Amino acid sequence: METPYLTHITSDDFKYVYEPAEDSFLLLDALEADLPKLRSDRPAICTEIGSGSGVIITAVAKALPETACFAIDLNPRACDVTERTATKNGANLNVVNMNLLNGFRSNVIDVLIFNPPYVVTPDEEIDSYKSPKDNPFNDNIIKSWAGGTDGRFIMDRVFDAMDSILSANGAAYILVIEENKPKEIIANMKTKGFCGSIIAERRIRGEHLYVIRFQRISQTLDL
Ligand SMILES: C[S@@+](CC[C@H](N)C(=O)[O-])C[C@H]1O[C@@H](n2cnc3c(N)ncnc32)[C@H](O)[C@@H]1O
């Protein structure tokens, strides 16, 4: 997969929107390594929650041109930057300013991608966020990284809803760090009927990053 051009994004944009970093690029590398599987699965709908700059979903949209690709972000400025990234790179993308997957019908997503806010913080830091209504310029960049207790405040909502998010043959690619307790996440998801495999990991300064791919256990038994 080609890394999209990001030269159109200004330093002012990056005051408000998450700047791609090692976590973003590890997730991109993991998706690239899984591209043969993704292509052979012929997904109809791929959705990234929290697209930020749009670097990941734009690369995926270009690699899977027959898949309808959606980019979701709570931050309106991230949606604007994602739109510009898609346009700059000639990707066909649907960008939606939305909280997680609230506006989606159940069980329609074939590929889910999420690099969530994963940093361990006090929960109050998340509760103290201003809503987009009260904060039209959305200068809460903290939303891009603050993850509450165990860094799981936001990602657990997605794990809890996975059964109603993914299609029958769907797969989810989620980035986590050691402090999020990846083994515990995988064990919890097993009780919900999902098999989690660590498909990429990287140690960087002060962080151990993992990409976990989740599929329904029933599906992995069919392979
Ligand atoms: C760690 S950043 C990842 C950005 C980009 N995907 C990347 O890898 O560079 C997390 C993103 O999730 C978005 N986000 C946080 N909470 C969200 C929510 N409840 N619904 C949708 N997006 C959310 C943030 O605005 C931010 O853009």
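The values are calculated or read from the model by the stated rules, or taken from the named source; none is laboratory data. Here the structure is a predicted model, which is why all the values come from computation and not from measurement. Counting neighbours? That spans all protein chains shown, and the Cβs are built from the backbone with ideal geometry, glycine included. Accessible surface areas use protein heavy atoms only, side chains included; no ligands, DNA or RNA. Shrake-Rupley method; radii C 1.70, N 1.55, O 1.52, S 1.80 Å.
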> Looking at this structure, is residue 68 modelled with pLDDT of 90 or more and closer than 18 Å to residue 28 by Cβ?
Replying inline: no
>> For segment 1-42, which positions are among the aliphatic types (A, V, I, L, M) and either outside any helix (DSSP H, G or I) or more than 16 Å from the ligand (Cβ to nearest atom) (or both)?
In response: 1, 6, 9, 17, 21, 33, 35, 38
> Which one is farthest from the chain's Cα centre (by Cα) among residues in segment 187-223 that are under 18 Å from residue 117 (Cα atoms) and of a type in the set (A, V, I, L, M)?
Replying inline: 204
> Across segment 124-154, what is the total count of residues that are farther than 18 Å from residue 51 by Cβ, touching a Gly at 6+ places or on another chain (Cβ under 9 Å) and at pLDDT 85 or above?
Replying inline: 1
> Of (1) among the charged types (D, E, K, R); (2) over 17 Å from residue 211 (Cβ atoms); (3) in contact with a helix residue (DSSP H, G or I) (Cβ under 7 Å, 6 or more places away or on another chain), residue 48 satisfies all except one. Which?
Replying inline: (2)
>> Restricting to segment 101-118, name every residue that is under 16 Å from the mean Cα position of the chain (by Cα) and modelled with pLDDT of 95 or more.
In response: 109, 110, 111, 112, 113, 114, 115, 116, 117, 118
> Listed residues 106, 53; which is near the ligand (Cβ under 8 Å from one of its atoms) and either at negative phi or of a type in the set (Phe, Trp, Tyr) (or both)?
Replying inline: 53
> Mind checking which residues of segment 88-115 are within 17 Å of residue 68 (Cβ to Cβ) and not in a loop (DSSP other than H, G, I, E, B)?
Replying inline: 94, 95, 96, 109, 110, 111, 112, 113
> Residue check, residue 64 against (1) touching a Lys or Arg at 6+ places or on another chain (Cβ under 9 Å); (2) without any contact (Cβ under 8 Å) to a residue 60 or more places away in the chain; (3) within 16 Å of the ligand (Cβ to nearest atom), all met but one. Which one?
Replying inline: (3)
> So residue 101 clears everything in (1) open to solvent by less than 50 Å² (accessible area, probe 1.4 Å); (2) under 23 Å from residue 15 (Cβ atoms); (3) within 12 Å of the ligand (Cβ to nearest atom) except one condition, right? Which one?
Replying inline: (2)
>> Considering only residues that are open to solvent by less than 10 Å² (accessible area, probe 1.4 Å) and assigned to a strand (DSSP E or B), which ones fall in segment 178-205?
In response: 194
> Restricted to segment 68-123, and to residues that are small (Gly, Ala, Ser) and in contact (Cβ under 8 Å) with a residue 12 or more places away in the chain, which residue is nearest to residue 158 (Cα to Cα)?
Replying inline: 106
>> I'm checking my understanding of the structure. Among residues of segment 168-177 that are crowded, with 18+ Cβ neighbours inside 10 Å and closer than 23 Å to residue 102 by Cα, which one is farthest from the ligand (Cβ to nearest atom)?
In response: 170
>> Restricting to segment 1-21, name every residue that is touching a helix residue (DSSP H, G or I) at 6+ places or on another chain (Cβ under 8 Å), open to solvent by 50 Å² or more (accessible area, probe 1.4 Å) and under 15 Å from residue 73 (Cα atoms).
In response: 16, 18
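Limited to segment 76-91, what total is found for residues that are surrounded by fewer than 24 Cβ atoms within 10 Å (Cβ to Cβ) and near the ligand (Cβ under 10 Å from one of its atoms)?
The qualifying residues number 3.
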